[in-house]
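Heads up: the structure comes next, in structure tokens.
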Amino acid sequence: MHRPAERAYLDTTAFIAALGTLTDADRIRLRYRAASLAPGTGMQGDDLFQEAVRRALEREDGRRCPCDVPVPAFLSNVMRSIASAEREKYARQVSLDPNDNDCPAGDPHPSHVLDSANARIDLQRIVARLEELFADDPQAQAVLIGTMENWTPVEIRDLEPMDDLQYAAARRRFRRAILNEFGKDGKK
Amino acid sequence: MNSDKGSACRQLNRLAQALDQQIDTLSDDEIIAEAAVLHGDAEKAARETRDLIQGVISKCGRRRLEAARRAYDAQITGARSNVVRLPLERKLAVIERVAAGDFGKQLTLAARNGSATETDIDSLLDDLVKLGLIDEEGNEP
């Protein structure tokens, strides 16, 4: 009887070497994916990206890159896993703040609605701040709201009438605004 | 989980998933073009991203090195004789007792007047154990 072959994994040296072979497009795509996944994690995209690389290098939580999985795919999964776990963590936190549902105006940065004293972020405030981010762009705001509510493109365009070109442009503006807002630490 | 918070979490999860999929649909050329728009210069974006990766690799390397040093230090400390764990006065008493025999008086004087550090004393005690002049606890064998 044949035993199934054990799965082989990249060791640290091989993983670092594989990181070195990534193309510019691979690296930038990973970085933009991190920015896409960052809302609600308490991290900026660049921090999430670096955290994923760190956990992979240090094999935290048994994370090892299988030899037969491309490094960008592996790192993408690590980032998705971290982001999802962080959002769940913040969603489960029991608020001690009686004004928890308030959404005071004037937060300096929508990704950093972070109560540093309690290491707590309020996901509802992030959603509200995201909507504010597109206050001057109703088409992109419709894409945001529709995306968060899992609407179809038809339903989104019912909310804010757009032809195909306008819809594609609104999606692009929406994506770029989020990447810009949640990517780098601090504003350019 | 508070239902409002759960709802916000689901909304943000959907947002992340949709954007994640959008990133997948972009070709390499489109990603580079996006970087030119967002960063003003695709080359700069690529350089910054390489630096982000290199920064983590360097930090992890330093941490591994420090961990190796700590492990080495712990090994060295663990390999030392029990006698070095005695209070300083008792260590000096052990040395005096041994030196009262065939050992020179200079070491005793140096240890007594403070010109020898405790590290020097520990090394000397380790040597005395190895020479069989005292046992692990500092007693005569």
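The values are calculated or read from the model by the stated rules, or taken from the named source; none is laboratory data. What you see is a predicted model, and the numbers here were worked out from it, not measured in a lab. Neighbour counts run over all protein chains shown; Cβ positions are idealised from the backbone, glycine included. Areas reflect the complete protein model, heavy atoms only, side chains present, ligands, DNA and RNA absent. Shrake-Rupley method; radii C 1.70, N 1.55, O 1.52, S 1.80 Å.
Of note:
- Note on A:GLN166 and B:ARG47: the model spin-label points, each 7 Å out from Cα along the C-beta direction, lie 4.1 nm apart.
- Ligands, DNA and RNA are left out, and with a 1.4 angstrom probe the accessible area of segment B:2-79 is 57 Å² per residue.
- Efficiency of FRET between A:CYS67 and A:ASP136 - r from beta-carbon atoms, R0 51 angstrom, step 0.05: 0.55
- The separation of segment A:25-51 from segment A:54-77, counted between C-alpha centres, amounts to 15 Å.
- Long-range HN-HN contacts of A:TYR9 with modeled amide H, under 5 Å: A:CYS67
- What the Cα convex hull of segment B:2-79 gives, in volume per residue, is 167 Å³.
- Sites B:ASP135 and B:ALA67 - FRET efficiency at Förster radius 51 Å, r taken between beta-carbons, to 0.05: 0.90
- Counting Lys and Arg as +1 and Asp and Glu as -1 over every other residue whose Cβ lies under 13 Å from the Cβ of A:MET162, the net charge comes to -2.
- Segment B:LYS59..B:LEU88, full-extension length gain: 6.5 nm, with 0.36 nm per residue of separation and the alpha-carbon distance subtracted.
- Net charge of neighbours whose Cβ lies under 10 Å from the Cβ of B:ALA16, counting Lys and Arg as +1 and Asp and Glu as -1: +3
- Chain B contacts chain A over a buried accessible area of about 4700 Å², both sides summed; the probe is 1.4 Å and only protein chains count.
- For segment B:130-141, backbone phi angles converted through the Karplus equation (6.51, -1.76, 1.60; θ = phi - 60°) give residue-by-residue couplings of 5, 6, x, 7, 9, 8, 4, 9, x, 8, 5, x Hz, Gly and Pro being listed as x.
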